[in-house]
Amino acid sequence: MAQIFHRSTNFISRFTLFSGLFLVGLALLVLGAIARSPYLTNQNIAREQPVQFSHKHHVGDDGIDCRYCHTSVETSAYAGIPPTKTCMNCHSVLFSNAEYLEPVRESFRTGKSIQWVKVHRMPDYVYFNHSIHINKGVGCSSCHGQVNQMPLVWQASPLLMNWCLDCHRNPEAVLRPREQVFNMDWKAPADQAEIGRALATEYKLRTTAELVSCSTCHR
Amino acid sequence: MGAEGHRHEHRGGEEPEVKHDAHDPCTEELGSRVYSLDLAAIRERLAKSTGKEYWRSLEELSGNPHFEELLHREFPRQASEWDESVDRRDFLKLMAASLALAGLSGCGRKPEETIVPYVNQPAGMTPGKPQYYATAMPLGADAIGLLVESHEGRPTKIEGNPDHPGSLGATNAFAQASILGLYDPDRSQVLTYLGEIRAWSSFLESAVATAPMLKATGGAGLRILTGSVTSPTLAAQLRALLAQYPQAKWHQWETAGSDGAREGGKLAFGRYVNTVYRPAKANVIVSLDSDFLGSGPGHVRYAKEFFRRRKLSGEHAEMSRLYVLEPTPSVTGAVADHSIPMKASDVGLFARALAAKLGLGGSASVPAEREKLLEAAAADLQKHRGASFVIAGEYQPAEVHALAHAINQALLNAAAGGTVYYTEPVEMQPVNHLESLRELCADMDAGRVDTLLILGGNPVYDAPHDLDFVSKLKKARLSFHLSQYFDETSEYCQWHIPEAHYLESWSDVRAFDGTASVVQPLIAPLYQGKTAHDVIGAFSDKPGLSSYERVRNTWVGGHTEKDWRKWLHDGVIGGTAFAPMAITSKWNPASLLPAKPAPADQLEFIFRPDPSVYDGRFANNGWLQELPKPVSKLTWDNAALVSPKTAEKLGLTHRAAWTGGEHGQILSDVVDVDLAGSKVTAAAWTLPGQADGVVTLPLGYGRSKSGQTGTNKGFNAYVVRASTGIWCATGGTLRKTGLEYPLACTQYHHNMEGRELVRSASLDEYKHNPNFAHKGAEEPPKELTLYKEFAYPGYAWGMAIDLASCNGCNACVVACVSENNIAIVGKDQVMRGREMHWIRIDRYYEGSLDSPETFFQPVPCQQCENAPCEQVCPVGATLHSAEGLNDMVYNRCVGTRYCSNNCPYKVRRFNFLRFQDWETPALKLMRNPEVTVRSRGVMEKCTYCVQRINNARIEVEKENRPIRDGEIVTACEAACPAEAIVFGNANDPKSRVAKLKAQQRNYTILAELNARPRTTYLAAVRNPNPELEKPGTPPGDKR
């Protein structure tokens, strides 16, 4: 009996099967890549704000310390967004007629808050605490990037869970001496591995098992 | 509360009464499968049993195979049934679509959010850090001092104030639940006149307009009705107003107040007094129907003192002894060493006999079977002269109080430094409330009342029915009602003024010993509420002052600003506690007219404020409605409580609807109560430990106009409450109607099949064998496990719960609900076993059906070291933490419920539906921002308040030191008045929890499973009088 299918059918069927699998795999990879891409994480995207506030100018040029505005960063879970009053401390005198500061003056006049666009957004089930990171020698720029070079702030890190865990598993890589925490230009020295270990002991860092327990961040 | 509860109530609908012979297939099915109780068989079984046997429900005791089958299912069959009107085809369509789209739900960019900082940040506040303010919650003639946690200006959690004598750091269920009362969206939000919305200013105008007429008549037509007033400022305002208008009158009606205590003091001492007890100093306490550990002025303080006195440790093995005679089981009776069910009227006879026995004169005898008890109690009191006391119940008549005073005086308990002392009354103007209300009704009826101010309270609902308050109220020309809800009384008053919650108002209040506190607001009124100070002020000659100014003016005279600030900070005005008065009773018990014992064949009806909704004022509070009542474990309803014997006599029963699928759905006989010329229909409930021939009618339910949560729940016992029998009435009848009503009772959930979960001994047994809790218990060696051992080099969190101290008061349950954003689910869902409480209090009985011993066992997550739940989660949503917690990760949970199936302790709770209200704005303010709000399809459970652990750890690590013992206090531990729950680091041998765990009484429940829970229990120890055999114990079986 003649064969119904030509020999080449074998190849076609194999090709179809394998390329099908390949396509599924590819699709998964693409989906994974998209999920981790700035398209979904908002990483590296500068956000428009109601006032064109420049960290580059205030921090980089004027040299104002982070804590002048983010007052509770050493004591509270939230670093704190400055009240309008903090802006007006200077801007009642400096650039007091500038048009782009009108929203600030308006807020101060009317008592209505300025609504800043949130750049770093954590899911509701994540409980991040600024103060403990600062106190354990994790510098601002380790997560926020070099804010002193950002005219408008963007999110420098992906804020994905594996990014958090990378550091919780190996905090030695980013630990700094406490006096360097607010230094935007800090770079890890060549012997960071050694320094980091010494600092981890000095700061009495918790064990890796403790730092990666679910309830450390989730409640 | 509003939306959280009622949404689900709509789902369940109002429970119709089920009639047996109906032809509805549904009810027929239920009808065919219900199983009736056979009390006689149960009695027989109990009589045969030797050795200790603990039981939880009558059904369990009966050993019915169908009931047992029901227990084998963790969640009943119907729980997983699709009960909405979607057919199979639509369901498959939905499933296909959701499968196809499931992967996409995580896609899409996150929505943009804004940050809204302050314009001027308030001084002293740090965003993200809670602040605590001291205030006090007034309730009836008492107040409890509180520290209220506030997140960015939103009060979120109540804690007790350790500096306040009425709290000593603990709270009760009412105080804990008052946070929900504050945010309740059903509270009245507008001021109305004849139903139309008006501004506060138009009320002021109307109030001022009454002045000329009042002046002309000297206030002849002005009447003011308040509850018990313990606020010095309000009393001063009222007195000033009465001085201005001498013809005006101030009446008081506190429906759950105690005229008996007031009049009893007057009878004994010739004047009104306040009595303060010192359970800490008492070796022997006889309670004449007093629930002093669970309700009434100072009960939180009394519970603290009482249980501190009874704490056992290795070397200390002394306890006080408590006798409780009561007609209906209370939390005080449940922890008593001798709890004797007795008709309310017989308690008075017993008091007379006790006085006679102690040689105070008079003559009375008790029935032969109580002779022995009388002898023993009298001897015990004699033996501990000066270190004992007799306390009369709030709902006992004046003579019983007078007898208690006389006995205490005779026994030198009231001598200086004794266990009892007397002070000036805490109420600013003590009067007989019933007479006061009667007088007001007579005046209204006679047309003598022109203007009536009702400040708080709800007399249309809760006045004795024979006074016919409504029809008389209609005769007043002008009526004003200040209340938090537009309720039954508001409906009949022209003006309704929304009342501010105590967390929104400035006021002051005195506690049980006279200590005054300033009530300071945590938040500006959410719903334009006004205080009684504002309303009275509007009628006075100083209408412009704010409540703040009025309160301040009362106290600051002669003091500095610094003092005022200190009072606000401390929550207590120093030095205001009343000094003990030196008075003696000249009253002779022999002067009492001889009493007739109540006819044995007549039913006695007693009224009691409900343990959950009190006199009805908390009816719209969903947390309290869903709270299983301490002894009966009923939720969302009240029921006419009867003893097993009375139930048998009247043919009353309740049946577990066993394969209808509901663990908690109990079909109960409906009865008609015909009393004092009025009738009410109620569900009956058989309660072991209730006195025979007594029917308890709990007040506070059957509200016709409360809010969406509280309206039309249960039956209204006020309908049959007449002024002739405010607390106790006879001459009524109770008739079975043949109908049935479904009640939601949580004691049928999570049944543990009679294993030895509760262990107990008498003090003598304990002294003889401190290791009694481990006798015969199977405790496998630690190594016997297939799983990897965890090492806990740092902290190892653990909890020890002392069953000798727990009186089941429920404060911990509500504290947990408040701290952890736990949803309420509604009656329909409770009947399916789906209530969400992370800590439940199991009630166990031991002994006879009629007078059992009662034990309570709080069960939170046991935080096992070999956790069965962790092994079965397919998605790693529940994992072991390095400190030994079983962490629950909500965002990983896909809702397989394997963990819950595998949990031997049944402490995991599943969100079958979206129980949490995500829409109502007011409720968003209420939530604890430190805890995730869970959604549908997610498992949850007790976390040992991991948010408190983490926050404490972060703070101490910043200070570079370890966590101190007692620095982390879980919500349940903080609320507990009995200090029964202790949390801490079990790795530190010096910690309180480690010391408790080292006691020999310490045991693990279901130790044979080797799950090695971190929560352990200390076996209960009671101190019964060796002279008295345990009732029902067969001779020769002394255990």
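Readers should treat all values here as calculations from the given coordinates under stated rules, not as data from a laboratory. Note that the coordinates shown come from a computational prediction; the quantities given were computed from them, not determined experimentally. Using ideal geometry, Cβ is built from the backbone for each residue, glycine included, and neighbour counts are taken over all protein chains shown.
The protein assembly as shown: D in µm²/s via Stokes-Einstein (Kirkwood Rh, Cα pairs, 4 °C, 1.567 mPa s)?
Numbers: Rh = 33.4 Å.
Using the Kirkwood radius from Cα pairs, D works out to 39 µm²/s.
Going by C-beta contacts inside 10 Å, put B:Tyr421, A:Tyr68 in order with the fewest on the left.
On the way: B:Tyr421 24, A:Tyr68 14.
Ranked by crowding around the Cβ, least crowded first: A:Tyr68, B:Tyr421.
Hey, could you grab the Kirkwood Rh for chain B? Inverse mean 1/r over distinct alpha carbon pairs, Å, one decimal. Mind dumping the intermediate values first?
Details: mean 1/r = 0.0334 Å⁻¹.
So the Kirkwood estimate lands at 30.0 Å.
Using a cut-off of under 18 Å, list every residue of the stretch A:76-91 whose amide N is near the label point 7 Å from the Cα of A:Ile64 along the Cα-to-beta-carbon line.
So the set is A:79-91.
Given the DSSP H assignment, sum -39500 (n - 2.57) over each helix run of at least 4 residues in chain B and divide by its residue total; what's the result at 222 nm in deg cm²/dmol, nearest 500?
Values: 34 runs with 292 residues, N = 1039.
So the calculated ellipticity at 222 nm is -8000 deg cm²/dmol.
Got a sec? Which residues in the stretch A:118-144 would a label at B:Asn891 touch, if it sits 7 Å along Cα→Cβ and we count backbone N under 12 Å?
Those under the cut-off are A:121-128.
Need one value for A:124-130: mean number of C-beta atoms belonging to other chains within 10 Å of its residues' C-beta atoms. Can you show the working numbers first?
Numbers: counts 5, 8, 2, 8, 0, 4, 1.
So the per-residue partner count for this stretch is 4.
Work through the residues other than B:Asp534 whose Cβ is under 14 Å from its Cβ and net out their charges, Lys, Arg +1 and Asp, Glu -1. Don't skip to the end; give the middle numbers.
On the way: positive: B:Lys530, B:Lys542, B:Arg550; negative: B:Glu499, B:Glu504, B:Glu549.
Counting the neighbours of B:Asp534, the net charge comes to 0.
Based on the mean of other Cβ atoms within 10 Å per residue, sort peptides B:567-578, B:519-530 so the most packed one is first.
Numbers: B:567-578: 17.5, B:519-530: 19.4.
With the highest mean Cβ count within 10 Å placed first, the list reads B:519-530, B:567-578.
Say the dipole of the protein assembly as shown comes from +1 at the beta carbon of Lys and Arg and -1 at that of Asp and Glu; which of B:Gln863, B:Leu593, B:Met939 then lies farthest toward its positive end?
Of the options given, the answer is B:Gln863.
Give the separation of the Cα centroids, the stretch A:42-73 to the stretch B:357-412, in Å.
About 76 Å separates the Cα centre of the stretch A:42-73 from the one of the stretch B:357-412.
Would you list the membrane-span-like helices of chain A, meaning whole DSSP H runs whose alpha-carbon atoms span at least 18 Å along their axis and whose mean Kyte-Doolittle value is at least -0.5? Could the numbers behind the result be given before it?
Numbers: long enough: A:8-36 (41 Å, 1.49).
Those that pass (Cα extent of 18 Å or more, hydropathy at least -0.5) are A:8-36.
Find how many whole Å separate the alpha carbon centroid of the stretch B:781-848 from the alpha carbon centroid of the stretch A:137-156.
Answer, in whole Å: 44.
Where nothing but the Cβ of Lys and Arg (+1) and of Asp and Glu (-1) is charged, how large is the charge dipole of the protein assembly as shown around its Cα centre, in debye to the nearest 20? Before the final figure, lay out each step's value.
Details: 133 positive and 139 negative charges, 344 e Å.
The dipole magnitude comes to about 1660 debye.
Take the residue pairs B:Lys311/B:Lys775; B:Lys906/B:Lys997; B:Lys475/B:Lys705; B:Lys48/B:Lys304 and return only those whose Cα atoms are more than 30 Å apart.
On the way: B:Lys311/B:Lys775 22 Å; B:Lys906/B:Lys997 23 Å; B:Lys475/B:Lys705 22 Å; B:Lys48/B:Lys304 39 Å.
The pairs that break the limit, which is 30 Å between Cα atoms, are B:Lys48/B:Lys304.
Taking the inverse of the average 1/r across all pairs of different Cα atoms in chain A, what Kirkwood radius in Å do you get?
21.1
If you find the alpha carbon centre of the stretch B:702-768 and of the stretch B:146-204, how far apart are they in angstrom?
For the stretch B:702-768 versus the stretch B:146-204, the Cα centre distance is 28 Å.
Let me know the charge dipole size of the stretch B:599-640 about its Cα centre in debye, to the nearest 20, where only the beta-carbon of Lys, Arg (+1) and Asp, Glu (-1) is charged.
On the way: 4 positive and 6 negative charges, 38 e Å.
The calculation lands at about 180 debye.
Shape verdict for the stretch B:592-688, please, from the Cα gyration tensor: rounded (a/c under 1.5), prolate (a/b greater than b/c) or oblate. Could the numbers behind the result be given before it?
Numbers: a/c = 2.18, a/b = 1.36, b/c = 1.59.
Oblate, because a/c is 1.5 or more while a/b does not exceed b/c.
Using mean Cβ contacts within 10 Å as the protection proxy, how do B:237-250, A:116-129, A:135-148 order, highest first? Don't skip to the end; give the middle numbers.
On the way: B:237-250: 17.5, A:116-129: 15.4, A:135-148: 20.0.
Order by mean packing, descending: A:135-148, B:237-250, A:116-129.
Quantify how strongly other chains surround peptide A:115-123 by giving the mean number of their Cβ atoms within 10 Å of each of its Cβ atoms.
On the way: counts 5, 5, 4, 5, 2, 1, 5, 0, 3.
So the per-residue partner count for this stretch is 3.
Averaged over B:954-965, how many beta carbons belonging to a partner chain fall within 10 Å of each residue's beta carbon?
Values: counts 8, 3, 0, 8, 7, 1, 4, 1, 1, 0, 0, 0.
The shielding value for this peptide is 3.
What distance in nm lies between label points placed 7 Å from Cα along the C-beta direction at B:Glu424 and B:Ala952?
Those two pseudo-labels are separated by 4.1 nm.
Enumerate the lysines that B:Lys827 could reach by cross-link, defined here as Cα to Cα under 18 Å, with residues fewer than 8 away along the same chain left out.
B:Lys629, B:Lys633, B:Lys713
Which one, B:Tyr118, B:Leu739, B:Gln396, is farthest towards the positive end of the dipole of the protein assembly as shown when Lys and Arg carry +1 and Asp and Glu -1 on their Cβ?
Farthest towards the positive end: B:Tyr118.
I need B:Glu254, B:Glu870 ordered by Cβ neighbour count within 10 Å, fewest first. Walk me through the intermediate numbers first.
Values: B:Glu254 21, B:Glu870 18.
Ascending number of Cβ neighbours within 10 Å: B:Glu870, B:Glu254.
Got a sec? How would B:Leu374, B:Leu139 order by Cβ neighbour count within 10 Å, fewest to most? Can you show the working numbers first?
On the way: B:Leu374 18, B:Leu139 23.
Sorted ascending by nearby Cβ count, the order is B:Leu374, B:Leu139.
If you take the C-alpha gyration tensor of the stretch B:669-823, multiply each eigenvalue by 5 and take the square root, what semi-axes do you get, largest first, in whole Å? Intermediate results must be reported in sequence, preceding the final value.
Values: eigenvalues 414, 103, 53 Å².
Over the Cα atoms of the stretch B:669-823, the ellipsoid semi-axes are 45, 23, 16 Å.
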